[in-house]
Amino acid sequence: MELTPFGSVDATSLRWLRRGERPLAFDLLAGDSPLGSLQWNEPGGTRAKATTSAASWTLKRIGFLNPRVTARVEGSDANAAQLTVHLNYHRIELAGGAAYRFHRAGVLVPAWKVYRDAGEEILHVEPVREGRTLAGGAVISPSSAAQLPEFPLLVVLSWYFIALAWFEDEAIASLEAPDSGPSPATAAPD
């Protein structure tokens with residue numbers, strides 16, 4: 001599939017669509033134009049490959065208690081970007097020195113935002129679900145942000161993090177026992 005360059009479409013309104021289950025994969029679209037893809041290497045793993053017309057990156061999560069996500073240009077040993085997890089926000093740092101904040105849009109809102117430290121919003125990413133399944137996501141950005149050279153990497157890195165967190169939550173939820181009502185010890189007496 002031939003990928004369309006970000007600069008040749010209106011990149012202010014994009015969407016991720018789930019393409020596959022095994023391996024897990026998403027396509028990034030602007031209207032009907034394919035801009036990129038994100039595919040995990042193996043089920044349950046954290047390694048993935050993202051491809052756009054500009055570059056291909058390998059992504060992975062490192063660590064458990066203090067996790068971080070790295071993105072490397074395919075074939076390189078150096079990080080092109082790193083997302084570090086903090087208590088109330090996350091930080092995306094690019095190899096060239098630019099840095100962005102990444103956090104939930106609100107406590108009850110499943111959307112995420114990427115913005116500059118000065119407060120300028122770069123991305124608004126909202127997951128779309130079908131039942132408990134992550135079906136895709138909407139990516140909204142101002143036209144000035146869509147022109148940034150690092151824009152494709154920010155779109156890919158933020159979606160990778162959101163999707164990985166979603167799948168980890170799904171895995172935990174599947175291990176929980178179904179609610180079968182009160183236990184005999186807590187049931188009301190007759």
Please find, in a Gaussian network model of the chain (springs between Cα atoms separated by less than 10 Å), the residue of Gln82, Gln147, Gln39 whose mean-square fluctuation is greatest.
Gln147
Using only Cα atoms and rounding to the nearest 10 degrees, what angle (0 to 90) does helix 151-175 make with the longest principal axis of the chain?
10 degrees
For the stretch 6-168: rounded, prolate or oblate by the Cα gyration tensor [a/c cutoff 1.5]:
rounded
Zone of Asp117 (label point 7 Å along Cα→Cβ, backbone N under 15 Å): which residues in the stretch 87-105?
90-102
Length released on extending from Ser143 to Asp32, taking residue separation times 0.36 nm less the Cα-Cα span
38.1 nm
Gain in span if fully extended, Arg19 to Val73, counting 0.36 nm per residue against the direct Cα distance
17.1 nm
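Given +1 on the Cβ of Lys and Arg, -1 on the Cβ of Asp and Glu, and no further charges, what dipole in debye does the chain carry about its Cα centre, rounded to the nearest 20?
I would put it at about 380 debye.
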Taking the dipole of the stretch 6-168 about the Cα centre (Lys, Arg +1; Asp, Glu -1; charges at Cβ), the one of Gly44, Phe151, Ser33 that reaches farthest to the positive side is Gly44
Assertion target for Val125, Val156, ordered by fewest C-beta neighbours within 10 angstrom first, is Val125, Val156
Ranked by Cβ crowding within 10 angstrom, fewest neighbours first, how are Trp57, Trp40, Trp166 ordered?
Trp166, Trp40, Trp57
Taking the Cα centre of the stretch 1-83 as the origin, how large is its charge dipole in debye, to the nearest 20, when only Lys and Arg (+1) and Asp and Glu (-1) carry charge on their Cβ atoms?
400 debye
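Quick one: if the Förster radius is 30 Å, what FRET efficiency do Glu42 and Thr84 give, using the C-beta to C-beta distance and rounding to 0.05?
0.75
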Checked against the positive end of the charge dipole of the chain (+1 on Cβ of Lys and Arg, -1 on Cβ of Asp and Glu, about the Cα centre), the farthest of Ile122, Val109, Ala98 is Ala98
Simple spin-label model, 7 Å along Cα-to-Cβ: Lys60 to Glu168 in nm?
1.6 nm
Using Cα pairs under 8 angstrom and six or more residues apart, how large is the relative contact order of the chain, in percent?
15 percent
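Readers should treat all values here as calculations from the given coordinates under stated rules, not as data from a laboratory. None of the values given here were measured: they were computed from a predicted structure. Cβ: placed from backbone, ideal geometry, glycine included. Neighbour counts: every protein chain shown.
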